[in-house]
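Notes follow the structure.
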Amino acid sequence: MKFKPRRAALVLLGAGIVVAAGLLYFLLHHSAAGDVLTLYGDVDIRQSQPAFYDTGPVTQLLVSEGARVTKGELIARIDDSRYAAALAQARQKAADLKAVLTRLLHGSRPDEIARDKATMAGLKALYQNAQIAYARTVNLLPHGVVSTQNRDDAQASLRAARENYEAARRTYVLAVKGPRREDIISARHAYQAAVAAVAFARQEYIDTRLYAPVDGVIEDRILEPGDMASPGTPVYTIAMTNPLWVRAYVSEADLGRIRLGMPATVSTDSYPGRLYHGWVGYLSPTSEFTPKNIETPQLRTQLVYQLRVYVCDSRDELRLGMPATVHIDLSEKNDVTKNPGCGPSHVQHP
């Protein structure tokens, strides 16, 4: 058979292309695999168990299991009749003490000062008249016109008139001066204490209503209407869903390759082929042994560091405690240093 150089060259060229393509694929595949860090974890379970600050029978439970609640939403009430009465009583006492303080600050009224002045003037006239009567009696005593008893009676009347006049004069001076500074301070302190008592009673009345402390889903309704609520008795168990993150663990060897804000993707067995975008939002400053409920290719006794990958779930598909796989592209150069916002565009369907 005659050898054909042209055909041989074409065969060798084709073989070279195939080998080169295979080598390129291997290098690219190996590089990609080496730059993607795969971690295993689960959607972190976080719960809140709100309870009343006050004690009383439950009258209303406004949400049930499975309901979504937002922070600040009213979710339960207890009987508020006793707290409403205590608040009304505190307000009335504060109003009375405020009136006392106001009266002291305003001082004596002009008509009160005029009244005390008139009383003082009248008693002064009686006192002067008693002085004259006593002097007359003393002068007549040596002439036998009056007796010693008359003199003693005039002297007693003079003494009584003088004391009455002095008392009226002091009352008038005090009316002009107004209340003592110490009395005003004491009245002000009493009123301030009453205002604080009103604030306390108002807060107790407000605390007869229970508001959701976090965004989440009602996982369990512990009490029912008619049950006795107290500060130590939770009313609900709320599964916290905002923010949502996957807790995973990274070995010490890979720790230096991860930085906060690095983009990541999350996948689950429940939705095969669906990726959820997220970012590394937390790296533990201390090491620990791998938890027994986490499966990793490394030995369980190897020290690892906890990390949290905050994840966008606009479809509400991720459930607390769901196993998840985290993929971190170590070749990514751009950090997501802040929450980029979660919307439909952050869920990929390869």
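Name the residue that is farthest from the chain's Cα centre (by Cα), counting only residues in segment 73-88 that are surrounded by 13 or more Cβ atoms within 10 Å (Cβ to Cβ) and of a type outside the set (A, V, I, L, M). If we take residues in segment 73-88 being surrounded by 13 or more Cβ atoms within 10 Å (Cβ to Cβ) and of a type outside the set (A, V, I, L, M), then Arg82 is farthest from the chain's Cα centre (by Cα).
Consider Tyr282 carefully, then state whether it is in a strand (DSSP E or B), in contact with a helix residue (DSSP H, G or I) (Cβ under 8 Å, 6 or more places away or on another chain) and assigned by TED's automatic domain parsing to the domain that holds Asp329. Here the answer is no, as Tyr282 does not meet what is asked.
The condition of being without any contact (Cβ under 8 Å) to a residue 12 or more places away in the chain and surrounded by fewer than 17 Cβ atoms within 10 Å (Cβ to Cβ) holds for Arg109. Only one of the numbered conditions (1) of a type outside the set (Val, Ile, Thr); (2) under 30 Å from Ser108 (Cβ atoms); (3) surrounded by fewer than 18 Cβ atoms within 10 Å (Cβ to Cβ); (4) touching a residue at least 12 places away in the same chain (Cβ under 8 Å) is not met by Leu123, and that is (3). Residue pairs whose Cβ atoms lie under 9 Å apart, sitting 6 or more positions apart in sequence or on different chains, and linking a residue in segment 267-283 that is touching a residue at least 40 places away in the same chain (Cβ under 8 Å) and more than 18 Å from Asp44 (Cα to Cα) to a partner that is surrounded by 19 or more Cβ atoms within 10 Å (Cβ to Cβ) and hydroxyl-bearing (Ser, Thr, Tyr), are Arg274/Thr268. Number of residues in segment 208-223 that are crowded, with 17+ Cβ neighbours inside 10 Å and closer than 23 Å to Arg82 by Cβ: the value is 3.
One line per residue, one yes/no per condition, for (1) under 50 Å from the mean Cα position of the chain (by Cα); (2) modelled with pLDDT of 90 or more; (3) in a loop (DSSP other than H, G, I, E, B):
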site	(1), (2), (3)
Ser108	yes, no, yes
Ile113	no, no, no
Ala118	no, yes, no
Thr137	no, no, no
Asp153	no, no, no
Val173	no, no, no
Asp183	yes, no, no
His189	yes, yes, no
Val198	yes, yes, no
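Considering each residue of segment 314-326 in turn, none proves to be surrounded by fewer than 17 Cβ atoms within 10 Å (Cβ to Cβ), assigned to a strand (DSSP E or B) and modelled with pLDDT under 80. Filtered by the rule that a residue be under 23 Å from the mean Cα position of the chain (by Cα) and either in a loop (DSSP other than H, G, I, E, B) or under 9 Å from Ala229 (Cα atoms) (or both), segment 59-72 gives Leu62, Val63, Thr70, Lys71, Gly72.
The values are calculated or read from the model by the stated rules, or taken from the named source; none is laboratory data. Note that the structure is predicted; figures quoted are calculated from it, not measured. A quick note on method: Cβ atoms are made from the backbone with ideal geometry, for glycine too, and the neighbour counts reach across all protein chains shown.
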